[in-house]
Structure formats: C-alpha cells, structure tokens
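Colleague: If you scroll down you'll find the structure; I have some questions about it.
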Amino acid sequence: MQNLSTDLDRLIAYSRVLGTKPQMIQAAGGNTSVKSDGVMWIKASGRWLSDVDDKSSFLSMDLSRILVALENPEATDADMRACVCNESVAVRPSVEVPMHAAIPYRFVVHSHCVDVIAILIQQDAEQRLKKCLEGLDWAFVPYVKPGVPLSRVVSKAAQTGTQIFFLANHGLIVAGNTLEEIDSVTQRVLRRLAKNTVATMPVPKAPQLALKGSGFSWAKDPISHQIAHDETWINILSKGSFTPDILVFLGPALPVLELQDTVLEDLAQLAKSPLPFNCAVIVRGVGVALRDDAYVGSEALLRCARDVLSVLPENSDIAYFSEKEQFELLNWDSEKYRQALNQQSA
C-alpha cells in the first residue's frame, strides 16, 4: 500500500509547478487528483493550481459513492458534491469529480494545453489528431457539457484502458499510476502536436488612448494586444467562443470597436452588461480592453486566446459553441460558483 500523504504531497507539488505554465494551465482552469484506499483527493473548484501549497486546496471524496452515483441516470453535480468525506468543508470539489473517478488510474491530470486546444477547437479535430498521433493509444471525446454528462462519456472511453483523452473544445487528460508516467506520456503527446507553425508578429506599441471613466482598462499583457492587429484573429474572436473557460471568463464573443470619437462612450455602454458579456473588447488596430470589474483570471484567458490563435493549423474551421451550449455553461450553477470565487475584490 502506498502512503497517501506522500502521494498527495507529490500531487500538490506537481500541481503547483503545472499551474505556473501558462501554455498548460490558465487561471483557475485544469484539475488534478489522486486515488488511494477508496479515497480520491481532487482540487477544489475555483482554486488556481499555481497557488496550491497544502492539502487545503484539495478535497477528499468517497470513491465508491461517486461511482455508484455515476451509475444513476438521474445523478446531478450536487449528488457528486455530496460524496465529499468531510461534509463540513465550505469549498466545493472540482466539477470534474466523476470524470476523475471514472478513470481507473491512481493519478489523473486535466490540463488546458494551448497546442492541444488549437487542435480541439477544429471541426475536424479527431482527423487532425489521427495524423499526429499514429501509434499512440488515445480516445477522442466529442464536446459534451462538463460535469456529469462529460463524465459518462469519458467513463465509457476509459474502459479500454487508455491513458490519454482529448476532450473536444476543452482540453487534455493524461492518467497514470505515477506522476512520472503522466509527465512522460504528456511530453510524448505534446512533441507530436508541437508541429504547428507559431504566428510571429511584432509586439505592438502600448495603446495611448486613456480609458479612464469608460469602465475599461487596457490589457496589461502587451502580447495580448496583437489580437487587435490581426484581422483573422479579430474575425475569429468576434464570431463566438470555443472553450468553456474563454466563454465563462471573457464572454460569448469579443465586440469590436473602431478608434473614433465615441469610443469611450461605446465602451461605457458595453460595461453596463452583466459579466461575462463584453468582458473584453477589441479596439481595431489599437489593443484589447478588459472590464475593470472583470473576473480574476480574465487577463490570463485573454492571453490564452491569443496563444491559441498563434498556433492554429492552416485552413482552420472553428467549432464554435452553439447558443444552447453557451446558455448551458453561462447559466450553470457550477460556473457561477467559480465566477463568484474569482470576482474582483472591492
């Protein structure tokens, strides 16, 4: 029998390092878990992996109860949360609890790798993966709402024993019985996918227009302003959203404004909408502005969007969320909870 505290300590250290890599994890996204002796420890919802420093960022869950609940076709996210070992804890476990539980490996790591997302947001994502991953054992999961619905699909795919799962419009899961094994498998996958050409363009000058009183401020990361200087990128982000975190933290689509005399008034009007609508606004040829009340993490998701755009495959045909899929995510209690945890402090 392995020592749980040692396994958990290793997972905490691994998670913290993983969370500092913006090409793998952005803001509160991603989650990790470890199973031992009928207990599964999983990251708390809304917590940033980069900030975990002890087991207070993880919750212990009754593994058998989760699996029994997952067999119930009427099971809900609340039923999964009820499987915590200590019901007095104030925080919630990651909504991906049943997905982690359904994968029969000791450790499970779910990341939002930029190179992977650039493939997974394509209409032909599965075909593109087949070309890159020949010889590897992996499973492709078409987009399903996260939580219990996604867990049911992953559970079926996990029955083959695969360690690698690609979730359309979402991210990568790698499982293993050691973290070293997960690292090795992850690097093997990323080497195969890192053939995408990275778009190169100069870092634009910092926007000079003062936005005081508009309810917006310019994004702090100068690289993110590249979005406003590329018509293809502007077109992609103004059409819709294509990952849960980009949708939940930046909104369904990024409005585009022209640099004109009314731009400050236009921004002030957009700032009246409830978050995450109009959280980020593109001012064409100038830069990207973020709401002053934007959720903590919006800046990181804006940079993630830029990074994904920079490695998009040629002839990309983006698989945007439908209005129904957007509605399901934006009105989902679990996402509202995560947004509440990432509100700006007064």
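Colleague: Where the eigenvalues come from the Cα gyration tensor of the chain, what are the semi-axes √(5λ) of the equivalent ellipsoid, largest first, in whole Å?
Modeller: One finds semi-axes of 35, 23, 18 Å for the chain.
Colleague: Here's another thing I want to ask about it. Using Cα positions and a limit of under 16 Å, work out the aspartates and glutamates in reach of residue 131, with same-chain residues fewer than 8 apart set aside.
Modeller: The reachable aspartates and glutamates, counting only those whose Cα sits under 16 Å from residue 131, are 115, 314.
Colleague: For the range 143-219, just the Cα set please: Rg and Dmax, both in angstrom.
Modeller: 20.2, 57
Colleague: Let me ask you something else. Exactly which GluC sites (Glu not before Pro) in the range 291-346 are in a DSSP loop and have at most 14 other Cβ atoms within 10 Å?
Modeller: Those satisfying the criteria are 314.
Colleague: Hey, got the dipole for the range 172-286? About the Cα centre, +1 on K and R Cβ, -1 on D and E Cβ, debye to the nearest 20?
Modeller: For this selection, approximately 180 debye.
Colleague: To continue, here is another question. Could you work out the pair-distance distribution P(r) of the range 227-278 from its alpha-carbon pairs, with 10 angstrom bin width and percents rounded to whole numbers?
Modeller: Final binned percentages: 24, 49, 26, 1.
Colleague: Please give the charge dipole size of the chain, origin at the Cα centre, charges +1 on K and R Cβ atoms and -1 on D and E Cβ atoms. Round to the nearest 20 debye.
Modeller: Using Cβ point charges on Lys, Arg, Asp and Glu, the chain gives about 400 debye.
Colleague: Moving to a separate point now. When the Cα centres of the range 243-257 and the range 121-143 are compared, how far apart do they sit, in Å?
Modeller: That distance is 25 Å.
Colleague: May I pose another question? Counting only other residues whose beta carbon sits under 14 Å from that of residue 77, what net charge do I get with K and R as +1, D and E as -1?
Modeller: Charge balance near residue 77 sits at 0.
Colleague: Determine the distance separating the Cα centre of the range 48-64 from the Cα centre of the range 204-229; give it in Å without decimals.
Modeller: After rounding, the separation between the Cα centres reads 36 Å.
Colleague: While we're here: Just need the relative contact order of the range 1-158 here, percent rounded to a whole number, with Cα pairs under 8 Å and 6+ apart.
Modeller: For the range 1-158, the relative contact order is 24 percent.
Colleague: Another question, if that's okay. Around residue 216, which amide H atoms from residues at least 5 apart in sequence, or from another chain, sit under 5 Å from its own amide H, with H modelled in the peptide plane?
Modeller: So residue 216 has HN proximity to 292.
Colleague: Also, quick follow-up: Rounding to the nearest 10 and keeping the result within 0 to 90°, find how far the Cα-based axis of helix 179-193 lies from the longest principal axis of the chain.
Modeller: Helix 179-193 sits roughly 40 degrees off the main axis of the chain.
Colleague: When we measure straight from the Cα of residue 21, which lysines land under 22 angstrom away, once same-chain ones fewer than 8 places off are left out?
Modeller: 43, 55, 195, 220
Colleague: Tell me, what % of the accessible area of the chain is carbon and sulfur with a 1.4 angstrom probe?
Modeller: 51 percent
Colleague: Oh, and also: Along the charge dipole of the range 292-346, which of 322, 311, 340 sits closest to the positive end, that is, farthest toward it, with unit charges on the beta carbon of Lys, Arg, Asp and Glu (+1, +1, -1, -1)?
Modeller: 340
Colleague: If you wrap a convex hull around the C-alpha atoms of the range 213-346 and split its volume per residue, what is the figure in Å³?
Modeller: Considering the Cα atoms of the range 213-346, their hull volume per residue is 103 Å³.
Colleague: How large is the accessible surface per residue of the chain, computed with a 1.4 Å probe and reported in Å² as a whole number?
Modeller: For the chain, the solvent-accessible area averages 44 Å² per residue.
Colleague: Given the DSSP H assignment, sum -39500 (n - 2.57) over each helix run of at least 4 residues in the chain and divide by its residue total; what's the result at 222 nm in deg cm²/dmol, nearest 500?
Modeller: -11000 deg cm²/dmol
The values are calculated or read from the model by the stated rules, or taken from the named source; none is laboratory data. Just so it is clear, the structure is predicted and the values come from calculations on it, not from any experiment. When we count neighbours, we look across all protein chains shown, and the Cβ atoms used for this are built from the backbone with ideal geometry, even at glycine. Areas reflect the complete protein model, heavy atoms only, side chains present, ligands, DNA and RNA absent. Shrake-Rupley method; radii C 1.70, N 1.55, O 1.52, S 1.80 Å.
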